[in-house]
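Data block below; observations after.
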Amino acid sequence: MESTDQHLLYAIKSDFYSAKVRASLDYQAIIYDELVPTETDIEQVLLEQTGQMDCPVFVSSDQSLLETNIHFVQSLEASAFVTRPVLPDKPLLRFVVQLIELYCDSFLILPALYMRWGYDESAINANVRLKRIFPSPLQAQLHANKERQKLTLYGLTSHNGPFFEYHAEQMVHILDKHFEGHRFVLGERLSLADLALMGPLYAHFYQDVRPRELLLNKAPYVMQWLERMMQADSQESQVHPLPEWSSLSHLPETLYPLIQLIGDDVFQFWKENLDAWEYWAANDRAKGEPLPKFVSAHRFIWNAVAVEQPTSVAHVWQLQNLLEGYQKCDPGDQELIANLLGSLDLSGLLEMQVQRRITYKDKHLYHAGA
């Protein structure tokens, strides 16, 4: 791939994961060109350089940073491009923002997809917007077909979809009460949790017909947060100077209901995904090869409905990072985290363990130690 004088972001405006990466770059005031990938880009940049065909992919001008969504925030945080870190140095806060990122990436993608493609009116609106994003109607239609097929891939149906939608509505109401008194998730400083929430709240809820009505009619403070996030560059920090992480002494109590919601609805989802990974990995005979995006399907029961999904390797890896981060904390910080989760019916999370570990290298996920 030829070098360029400009940073490049291969992304799609309506894409869930592109929203987090785009917001990360904007917050760091990094100037870049955003491109909708052509078929040539998909083959020669996305697939060849990263092994995947999906957006987003960021390529720095000197190619010192070429990353996909899976490892983007960690790589950006360690690079010379970052002037305002988004990962707190306080263990409790760091654990919570990574917990919210995992929640967004693994679970909130489901109601987001259902509310976009599960209703005729929403799907028609999404198709119209895609025709404005892509350079040709054919490419827009191909992308729409691929996205709509994810309903089947993730086991989303008219029977279980409304339960995911109801969960998303609860999440929005909780966040609206939180943002009534706080500028960002942790209070006065933007963090990884805010960036992760841009996936569902900006790329889908803000742009899609059905959930947008919810935001406009019942979530005014979430709308104000979205406006702040879309202006969260260096100019915004001049108006509101960046506080030190140490000044954020406590986790806002208005976040407790969100963690409780995760415990009630999402914990079992993560556990089933992990159990399915362990079973598959124990029988995998190609341990030196890059892991596939998904492995064997698993079935879980949620709100009395069955959902059958492929097992996501990336989400197991994210869960592994969250748990290992907790294990690396000193005993005092571990106690703080354990007490928080215990009070909110999520203590079982800390009892989980990824036995067959996953490692990330060269833009791929592998069996650790293979």
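The values are calculated or read from the model by the stated rules, or taken from the named source; none is laboratory data. All of these numbers come straight from a predicted model, not from anything done at the bench. Counting neighbours? That spans all protein chains shown, and the Cβs are built from the backbone with ideal geometry, glycine included. To get the accessible areas, we keep the full protein, side chains included, count just its heavy atoms, and leave off ligands, DNA and RNA. Shrake-Rupley method; radii C 1.70, N 1.55, O 1.52, S 1.80 Å.
Brief remarks follow.
- Residue that is surrounded by the fewest Cβ atoms within 10 Å (Cβ to Cβ) [pool: residues in region 64-115 that are more than 13 Å from the chain's Cα centre (by Cα) and β-branched (Val, Ile, Thr)]: Thr83
- Residue within region 239-253 that is in contact (Cβ under 8 Å) with a residue 12 or more places away in the chain, among the charged types (D, E, K, R) and surrounded by fewer than 18 Cβ atoms within 10 Å (Cβ to Cβ) present: no
- Close pairs (7 angstrom Cβ cut-off, 6 or more residues apart or separate chains): more than 20 Å from Glu308 (Cα to Cα) and in contact (Cβ under 8 Å) with a residue 24 or more places away in the chain in region 255-281, open to solvent by 10 Å² or more (accessible area, probe 1.4 Å) and part of a helix (DSSP H, G or I) anywhere: Pro257/Ile174; Leu258/Ile174; Leu261/Gln170; Leu261/Ile174
- Flag if Arg189 is surrounded by 16 or more Cβ atoms within 10 Å (Cβ to Cβ), in a helix (DSSP H, G or I) and of a type outside the set (Val, Ile, Thr): no
- Within region 130-144, the set of residues being assigned to a helix (DSSP H, G or I) and either hydrophobic (A, V, I, L, M, F, W, C) or under 22 Å from the mean Cα position of the chain (by Cα) (or both) comprises Leu130, Ile133, Leu138, Ala140, Leu142, His143, Ala144.
- Filter result for Glu278 (of a type in the set (Asp, Glu), open to solvent by 50 Å² or more (accessible area, probe 1.4 Å) and more than 21 Å from the chain's Cα centre (by Cα)): no
- Screening Tyr202 against (1) open to solvent by 10 Å² or more (accessible area, probe 1.4 Å); (2) within 17 Å of the chain's Cα centre (by Cα); (3) under 24 Å from Pro310 (Cβ atoms) leaves a single unmet condition, (3).
- Residues located in region 151-185, provided they are among the small types (Gly, Ala, Ser) and outside any loop (DSSP other than H, G, I, E, B): Gly161, Ala168, Gly181
- Tabulated pairs, region 30-48, first farther than 14 Å from Ile12 by Cβ and hydroxyl-bearing (Ser, Thr, Tyr), second at pLDDT below 90 and open to solvent by 30 Å² or more (accessible area, probe 1.4 Å), C-beta under 9 angstrom, 6+ apart or interchain: Tyr32/Gln6; Tyr32/Ser61
- Within region 276-293, the set of residues being of a type outside the set (S, T, N, Q) and not in a helix (DSSP H, G or I) comprises Asp284, Arg285, Ala286, Lys287, Gly288, Glu289, Pro290, Leu291, Pro292, Lys293.
- Residue match in region 219-237 (condition: more than 19 Å from the chain's Cα centre (by Cα) and buried (at least 20 other Cβ atoms within 10 Å of the Cβ)): yes
- Of all residues making up region 131-155, the number that are open to solvent by 70 Å² or more (accessible area, probe 1.4 Å) and of a type in the set (Phe, Trp, Tyr): 0
- Of everything in region 324-352 that is touching a Leu at 6+ places or on another chain (Cβ under 7 Å) and open to solvent by 50 Å² or more (accessible area, probe 1.4 Å), the residue that is nearest to Asn283 (Cα to Cα) is Ser347.
- If only residues of region 8-57 that are open to solvent by 20 Å² or more (accessible area, probe 1.4 Å) and aromatic (Phe, Trp, Tyr) are counted, the one that is farthest from Ala80 (Cα to Cα) is Tyr17.
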